[in-house]
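Each remark here refers to the structure printed beneath this line.
What follows draws every value from the coordinates through simple rules; no lab data is involved. Bear in mind the structure is a predicted one, so any value in this text is a computation, not a measurement. Ideal geometry is used to build each Cβ from the backbone, glycine not excepted, and the neighbour counts take in all protein chains shown.
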Amino acid sequence: MIDSTRIGAVLAGYRNLIPKTDTTMLAKLVCHLSELAADMPDVLAECDLNPVLIRKGSGDVRVVDALFVAAR
């Protein structure tokens, strides 16, 4: 799914200007966040991760700021 997005196209590399970046860690982040939302539907109403930094080449992921909104 990541590959079909605009960021997926950038992470796939561009000629020799932008290195191909492994998206495994980004996929794991998305998967774990999805599991968290599915496990806590009565507790978690919203989640915003912004920005998410991805290191060129290695694909290391860092979430700089996260906001979780509790359900009522």
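Segment I2..L17, full-extension length gain: 3.3 nm, with 0.36 nm per residue of separation and the alpha-carbon distance subtracted. Cα-based radius of gyration for the chain, normalised by 2.2 N^0.38 Å, reads 1.29. For the charge dipole of the chain, defined by +1 on Lys and Arg C-beta atoms and -1 on Asp and Glu C-beta atoms about the Cα centroid, which residue among T23, V63, V43 has the Cα displaced farthest towards the positive pole? Checked the options; the winner is T23.
In order along the stretch 55-61, the phi-based Karplus estimate (6.51 cos²θ - 1.76 cosθ + 1.60, θ = phi - 60°) of 3J(HN,Hα) comes to 6, 4, x, 6, x, 4, 10 Hz; Gly and Pro are listed as x. For helix 24-39, what angle does its Cα long axis make with the longest principal axis of the chain, in degrees from 0 to 90 and rounded to 10? Once rounded, the angle reads 10 degrees.
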